[in-house]
Amino acid sequence: MKKTIEVVGAIIVDNKRILCAQRGPEKSLANFWEFPGGKIEVNETPIEALKRELTEELLISVDVEEKAFESTKFEYDFGTVHLTTFVCHLLAGKPTLTEHVAIKWLYSDELDTLEWAPADIPTVKKLKLAL
């Protein structure tokens, strides 16, 4: 049985555009686009994990909406990812690349122009209808 990995992702919205981040070539899911975030640590709430990950990965501070936007599960060869995404608003800082190789700000109707990690695709589809 594959392990389940609990992960959170940030739908960072600014002026109706959404921040998209590209994974590096040396990482699992190399070069796919994703909503930035990461694994939930022991004794951490999803929102705490998301704030911590965004501080570490992009050097930003965000306000996270309490209600999850989408929750999906996808089985990869390395395990099952349970991804919960939240809408976030930038409070401080400018997204800076520390782990990703690229970022883009796109309107919801432009999201399909990127090759998304499979676990992120349901969120992309829902965003196209919601924003």
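Only the coordinates and a few stated rules stand behind these numbers; no lab work does. This one's a predicted model, so the numbers in the text were calculated from it and none came from an experiment. All Cβ positions, even for glycine, are placed from backbone atoms using ideal geometry, and neighbour counts span all protein chains on display.
For the reader, a short list of remarks on this structure follows.
- Cross-link partners for K125 among the aspartates and glutamates, with Cα-Cα distance under 17 Å and sequence neighbours closer than 8 places in the same chain left out: E34, E70, D109, E110, D112, E115.
- Residues listed by number, the range 111-131, amide nitrogen under 14 Å from I5 label point at 7 Å toward C-beta: 117-120
- A rounded overall shape is assigned to the range 1-125, the ratio a/c of its alpha-carbon gyration tensor axes (a ≥ b ≥ c) being less than 1.5.
- Each Lys and Arg contributes +1 and each Asp and Glu -1, all at the Cβ; summed about the Cα centre of the chain, the dipole is approximately 180 debye.
- Stretchable slack from E65 to L129, in nm (0.36 nm times residue separation minus alpha-carbon distance): 21.2 nm
- In plain terms, the chain from D77 to E41 could stretch by 10.8 nm, reckoned as 0.36 nm per residue minus the Cα-Cα distance.
- If the chain linking E56 and A30 were pulled fully straight, counting 0.36 nm for each residue of separation and taking away their Cα-Cα distance, it would gain 7.4 nm.
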